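The values are calculated or read from the model by the stated rules, or taken from the named source; none is laboratory data. Since we're looking at a predicted model, the values are computed, not measured. Reconstructed Cβ throughout: ideal geometry from the backbone, glycine too, with neighbour counts over all protein chains shown. Note: areas computed on protein heavy atoms with side chains; ligands, DNA, RNA excluded. Shrake-Rupley method; radii C 1.70, N 1.55, O 1.52, S 1.80 Å.
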Amino acid sequence: MILLQSPSRFLLQILHDRLLRSLAFSPLLPFYSKSRIKQSLDNYSSSSFFCFNSQDKGVDIDCQTVEFDDVRYHIQVAMRNPKLLVLSVALPLPPEEAVSFDGLPFGAIEAIKAAYGPVVQILDPPKDGFDLTLKINLAKLPSDEEQKNAILLQIASIREVVLGAPLKILLKNLSMKTVGPEAGQPVALVHRPNESFFVVPQADKVTVVYPMRFLDSIDIVLATSFLQEFVEARRTAALNNAPACMWSQSPPPELKGAPESALTANAGFVTFVVNPRHVEGKKLDRTVWNLLTFHAYVSYHVKCSEGFMHTRMRRRVDTLIQALDRAKSDAEKLKKMVTGPSFKKLSMKDRA
């Protein structure tokens, strides 16, 4: 099973590059040798799509990129202070039913402070066109190598920290078997532009429902077939410990009370039932990420299936064309054999 990765490779590569360059020009090298720094710089510079003037002189960075589900990043680094990075994040546009505060999911600010501590400062207001702007101070990273890499991975996983904050709160309550005022009521959480999925928290379980929507008619057919097989695969003995999974063409009863505009789905509804054992210890972060990116996961496999079928069709067409070419050449040879050499009858005048 292919899973989308939480850390953004775009962010992680810039963070590593800035950290290595700041160490390369520092008189104190507590953890890196000169040869290791040069090797790391060579690797990152050769594999990166960012341009550097030379290995001994850095340049300012002002880059933007877009990830799946319309999450945009803008990162800025000035060489006059290379240990300070400004990261702006634009999240998917939330629908009306989704709960948010100042453009961010509820619990996002607290999640950022808990994940990054003094390394990251939230700038208010954010830059124009973005929902969140962070100032990252690499000088405040811990000296321990493992802790340093863990925080860099967390910064590169800012998408999961922010968008997954409300889902993580609800699943934490499940692990502690406590319920809030929203118990039994569907809570809408954004995961795609103008689209949300629903979480119904209870004391002993959390039900997660996805209205599956696709624009292309072929994608709708493939996604419907894929989801039905997905539910059947869950019933195998090897997946007994996985969350229960259901698919239905109509909205499940758990969505009673949800806005009518949010209950339209041309590929049906997928329901997962999460139990306390699925969010114990380190399982919590993995469960949050898998639930948060489930629609992207389905879209990925739908597009892969479509591409595979197109490849098979092209191969089949090539085979048929080759067969037709062989048949054509065989027919021409047969025609020559049947016709044979031709002779012209000469008249008396031609003979003379």
Q) So which of 177/283; 113/168; 135/283 end up more than 24 Å apart by C-alpha? A) 135/283
Q: Please work out whether region 165-249 counts as rounded, prolate or oblate from its C-alpha gyration tensor, where a ≥ b ≥ c are the square roots of the eigenvalues and a/c under 1.5 means rounded, while otherwise a/b larger than b/c means prolate and anything else oblate?
A: oblate
Q.
Report the gain in length on full extension from residue 238 to residue 217: 0.36 nm times residue separation, minus Cα-Cα distance, nm rounded to one decimal.
A. 4.2 nm
Q. Tell me, what % of the accessible area of region 175-256 is carbon and sulfur with a 1.4 angstrom probe?
A. 57 percent
Q) Under a 1.4 Å probe, what is the accessible area of region 87-137 per residue, stated in Å²? A) 51 Å²
Q.
Let's test the formula: R0 of 45 Å, r as the Cβ-Cβ distance of residue 327 and residue 231. What FRET efficiency results, to the nearest 0.05?
A. 0.45
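Only sites in a loop by DSSP and with at most 14 other Cβ atoms within 10 Å count here; which trypsin sites (Lys or Arg not before Pro) in region 57-121 make the cut?
Numbers: sites: 57, 72, 80, 83, 113; in loops: 57, 80, 83.
Passing both the DSSP loop test and the Cβ count: 57, 80.
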Q: For an R0 of 25 angstrom, estimate the FRET efficiency from the Cβ-Cβ distance between residue 250 and residue 204 and round to the nearest 0.05.
A: 0.45
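Just in region 219-316: which GluC sites (Glu not before Pro) are loop by DSSP and have at most 13 other Cβ atoms within 10 Å?
Numbers: sites: 229, 232, 254, 260, 280, 306; in loops: 280.
Loop-located and lightly packed - 280.
Using only the Cα atoms of region 104-144, build the gyration tensor, take square roots of its eigenvalues as a ≥ b ≥ c, and label the shape rounded, prolate or oblate: rounded if a/c is under 1.5, else prolate if a/b is larger than b/c, else oblate.
Values: a/c = 3.60, a/b = 1.56, b/c = 2.31.
Because a/c hits 1.5 or more and a/b fails to exceed b/c, region 104-144 counts as oblate.
Suppose R0 equals 51 Å. What FRET efficiency, 1/(1 + (r/R0)^6) with r the Cβ-Cβ distance, do residue 148 and residue 260 give to the nearest 0.05?
0.55
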Q.
With a cap of 12 neighbouring Cβ atoms within 10 Å, and only residues DSSP puts in a loop, list the trypsin sites (Lys or Arg not before Pro) found in region 219-309.
A. 235, 256, 282
Q) Just the accessible area per residue of region 189-273, please: how many Å² with a 1.4 Å probe? A) 48 Å²
